[in-house]
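Step one of this worksheet: look at the structure below.
Nothing in this text is a laboratory measurement; each read-out follows from the coordinates by a stated rule. What you are looking at is a predicted structure, and each value in this text was computed from that prediction instead of being measured. As a convention, Cβ positions derive from the backbone with ideal geometry for all residues, glycine included, and neighbour counts pool all protein chains shown.
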């Protein structure tokens, strides 16, 4: 029985076209095609095929997502779902949470909590992140339930067609209340910090001050490119570091982390192409800072 959680389904509307070419036209990447062919999970009119056979008008093609083992330890923890369908889950990541496990962070990460959710909901595939946020940055993270969705959304990020909007509390040294920062960013010698410098990668950040006091400003930001620490580096560069950002600014008693939150994202659903608009509410620490500025 066809289940959209486990399959892609297509009806061929062209006479005499090769299976591989047909699926490519439907947005299936060559890498994913090789994977599903190897796993023998493409069905044409109900019959499994591994060959690049010729399709005819009216043929039904089902592409099954291979079952996979989880790629992390399942742990129950905060997992704030903003949107979910057969292909993706969009969550509001809490601050002080690492997105993915690493050498020094093997548990209590968003990956661990996602694995628990996959396990509890019988999603028998790896957790794939389409984007990540710094440990202390909160907000929208997209998780993909299958390799097809991951490839399609990753393409959108690479082509900069995903709208990514943030809000931050910063030092109020703005010369202009709105503008565009287009400055290249490099990785510094310590391997952690980034800095604006010639020869770096092209970066573009838009900003607009939406509220302000003598010392602080609440700023809406549009991330046109997606480099590591981009917003933090660009704001420091113009003399307006994010409140609480100890890497690019200084400690602040008002908040224990950088006051940065990804509150809005807009992108195409990988299977249908429908434009999705996702909003993520602020967590209490930033909400209090914004409201009491």
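Observations, loosely collected:
- FRET efficiency, 1/(1 + (r/R0)^6) with R0 30 Å, evaluated for residue 228 and residue 180 via beta carbons: 0.95
- Region 184-249 versus region 29-55: alpha-carbon centroid distance in Å: 46 Å
- Percentage of interatomic Cα-Cα distances in region 164-262 larger than 24 Å: 15 percent
- Remark: the residue 4-residue 284 segment gains 97.1 nm on full extension, using 0.36 nm per residue and subtracting the alpha carbon distance.
- Against the chain, whose longest principal axis comes from its Cα atoms, helix 110-120 is set at around 40 degrees.
- Helix 147-158 axis, angle to the chain major axis (alpha carbon atoms, nearest 10°): 40 degrees
- Label-reachable residues, region 207-243, where backbone N falls under 15 Å from a point 7 Å from residue 190's Cα toward its Cβ: 229, 233
- In terms of its C-alpha gyration tensor, the chain has a prolate overall shape, because the principal axis ratio a/c (a ≥ b ≥ c, square roots of the eigenvalues) is not below 1.5 and a/b outweighs b/c.
- Exposure proxy ranking, count of Cβ atoms within 10 Å, fewest first, for 93, 126: 126, 93
- By the helix-only formula, in which each DSSP H run with n ≥ 4 contributes -39500 (n - 2.57) and the sum is divided by residues, the chain has a 222 nm mean residue ellipticity of -5500 deg cm²/dmol.
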